[in-house]
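Here is the structure we will look at, set down as structure tokens.
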Amino acid sequence: MRFLYDKELLKRYYKDIIKNILLLLIISALSIAAPLVLRNAVDYESSMGFRKEIIAYYLILITLLYSVKFGYNRFSFWFSEKFKNFETVNLYKKIFHMSYDKINEMEPTYITERVRDTVNTIFSLYCNSLTGIFVSILTVIVILSVTAGIDVPLALLYFLQVPLQYFGFQKLLNGEKSKLSQYSYELTTIAAKSNKNIKAVVSDVDSIKQYSDSEGILSFIRQSIENITRMERKANSYAMDVCTILNYISLLLKNSSYIYIIYLYVTNKASIGDMIYLNLVNDIFYTSISDLITIQINLRDLHGAVKFVSDEIEKNYEDDGKKSFERIDSVSGIIKDVGYQDKKLIEEGDFLLCRGDIAALTGDSGTGKSTFVKMLNKFLKGEGIQINHCDINEISNQFIRKKVFYLAQSSYLLPFSIKDNITLGDFYPEEKWEQLLKHNFMQKFIRQDEGLDMMVYENGNNLSGGDKQKIMLGRIFLQDPDVIILDESFNAIDEKSGEDIIDEITAMYADRIIIVISHSEKYFKHCNKRILIKNKKLTMC
């Protein structure tokens, strides 16, 4: 089912959006109320005499205004954290359900950058853009010029706001010892590490497809995203608090000029027209215009962000079936024209494997062995494949990935602990772990100081090729599948260790279906069947 992502978002966050709008309405009302109090004070002064209480009312309104702004800042950053945490993981979940070929075609770096930009762009429209932006530099120059023509001391009072803002923000943004500088450094470090981890997860397409319906692998992404957004909230909240204080002081200085304008008017040194010119309605007007422009820009960006979700992600979902079985008893098929793009690897062939069969899949490099077996677990779409005499395209992807385990020739590990690399975030009962740890290939990890809690470096740089593949093999024993596909899975292990492992696998899963791809005949000693790909034909020997 295809659905409009923007409408999906509105349905999910409409309550938060309404709260955001209500807070902005309150802020706008208070912003208008303050200058109205001053204007009423002038009108009252003209007929009844000046009342000092009006100034007190004005200060109370301004203080109340910025108190609400403090609350709005808190809400805004909370909403940002909530939105980005959920929607980032949600988009990755959508991506994990894309076709195998499309994920590889888009490439991990592109995916991670587009997901981040998409979430930030959409959130910016729903929250940040509604607040508007500062009056343009040109407007400031014009106001200073016109004000200087009316009264130089008043222009100087306005001008004082420029260095206040400039040096205030410079102090905020510069200096290695400033609090924001420390926060920015921490944010940069955390973001770099977390984005590295996310890229590592997305790069392992085989594991994504094998565990596409598992919350476990998504937990790694969720943890990294939460680390980033938590630090963003901390740094941005502090920056916004300081900015709000600076703006509060600046506004008091600016509006003190209105008191001075009243004095000028009372002493007949300024006309009523001059006073109206300096009214805050000008700021409200220009801010409204700026908000409209900003929203228009974001609407354009929003279109691109939503188009990315609908056209590049949702339209490339892999097909899914609905059927499932208690177990897999047979895998068979009559296949034709297997390949990719314009390259045909297998023109025709047929095969039949039943429980208890251990098949050797052989053929020269590039003949389509990996392409063929990736059709058996629906990584690649194929016609003519049957599971328990049922068309594989009618069977649930979740069932297939749970029951058909594909162990690729490349051992790609994630930058987490050894245990996490084996479980990929899923929970397994203690007895399963006890059984796994009894196997010889796990003993090296148990004997080391950190045990299974040892952290794996990026790309597994602190492990040997053999250790990487042993960790990958540990996944088989925990998942306990009905069909095991070993695609050159022992190419980084010495032959003796490889033979020991194949002995353990075939002994433990003697009643399952095992397919072994290798260039070494030593790994075929337990095989009772052989599938050969030669001259673009697949045959059983």
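The values are calculated or read from the model by the stated rules, or taken from the named source; none is laboratory data. Values in this document were obtained by computation on a predicted structure and should not be read as measured data. Because the Cβ atoms are built from the backbone with ideal geometry, glycine has one as well, and the counts that use them run over all protein chains shown.
For the stretch 79-118, a residue qualifies if it is over 11 Å from the mean Cα position of the chain (by Cα) and among the polar types (S, T, N, Q), and the qualifying residues are 80, 99, 104, 109. Of everything listed in (1) in a helix (DSSP H, G or I); (2) within 29 Å of residue 468 (Cα to Cα), the single unmet condition for residue 393 is (2). Scanning the stretch 448-473 for residues that are in a loop (DSSP other than H, G, I, E, B) and under 25 Å from residue 429 (Cα atoms) returns 448, 449, 450, 454, 456. If only residues of the stretch 339-366 that are in a loop (DSSP other than H, G, I, E, B) and farther than 25 Å from residue 503 by Cβ are counted, the one that is modelled with the highest pLDDT is 364. Answer with yes or no whether residue 478 is in contact with a Phe, Trp or Tyr (Cβ under 6 Å, 6 or more places away or on another chain) and either under 28 Å from residue 201 (Cβ atoms) or among the hydroxyl-bearing types (Ser, Thr, Tyr) (or both). So residue 478 fits the description; yes.
Against the conditions (1) exposed (fewer than 15 other Cβ atoms within 10 Å of the Cβ); (2) touching a residue at least 60 places away in the same chain (Cβ under 8 Å); (3) in a helix (DSSP H, G or I), residue 373 satisfies every one except (1). Here residue 321 fulfils each of the conditions (1) in a strand (DSSP E or B); (2) under 21 Å from residue 97 (Cα atoms) apart from (1).
Under 36 Å from the mean Cα position of the chain (by Cα), within 17 Å of residue 423 (Cβ to Cβ) and at pLDDT 90 or above: does that describe residue 442? Answer is no for this residue.
Being outside the structural domain of residue 400 (by TED's automatic domain parsing) and at pLDDT below 95 holds for only one residue in 369, 374, 322, 336, and it is 322.
Being surrounded by 21 or more Cβ atoms within 10 Å (Cβ to Cβ), touching a helix residue (DSSP H, G or I) at 6+ places or on another chain (Cβ under 9 Å), among the aliphatic types (A, V, I, L, M) and at pLDDT 90 or above holds for only one residue in 387, 395, and it is 387.
When 382, 474 are screened for being small (Gly, Ala, Ser) and out of contact with any strand residue (DSSP E or B) (no Cβ under 9 Å at 6 or more places or on another chain), only 474 passes.
The rows are residues; the columns are (1) among the aromatic types (Phe, Trp, Tyr); (2) assigned to a loop (DSSP other than H, G, I, E, B); (3) surrounded by 14 or more Cβ atoms within 10 Å (Cβ to Cβ); (4) at pLDDT 75 or above.
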| position | (1), (2), (3), (4) |
| --- | --- |
| 2 | no, yes, no, no |
| 54 | no, no, yes, no |
| 65 | no, no, yes, yes |
| 93 | no, no, yes, yes |
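Within the stretch 95-124, restricting attention to residues that are β-branched (Val, Ile, Thr) and out of contact with any Asp or Glu (no Cβ under 8 Å at 6 or more places or on another chain), the residue that is surrounded by the fewest Cβ atoms within 10 Å (Cβ to Cβ) is 109.
Taking each residue of the stretch 77-101 that is farther than 12 Å from residue 208 by Cβ and looking for partners that are assigned to a helix (DSSP H, G or I) and polar (S, T, N, Q) with beta-carbon atoms closer than 7 Å, six or more apart or interchain, yields 77/236; 77/237; 79/20; 81/229; 84/229; 85/229; 91/118.
Taken over the stretch 474-502, residues that are assigned to a helix (DSSP H, G or I) and either farther than 23 Å from residue 331 by Cβ or outside the structural domain of residue 386 (by TED's automatic domain parsing) (or both) amount to 7. Within the stretch 413-439, restricting attention to residues that are in a helix (DSSP H, G or I) and touching a residue at least 60 places away in the same chain (Cβ under 8 Å), the residue that is farthest from the chain's Cα centre (by Cα) is 423.
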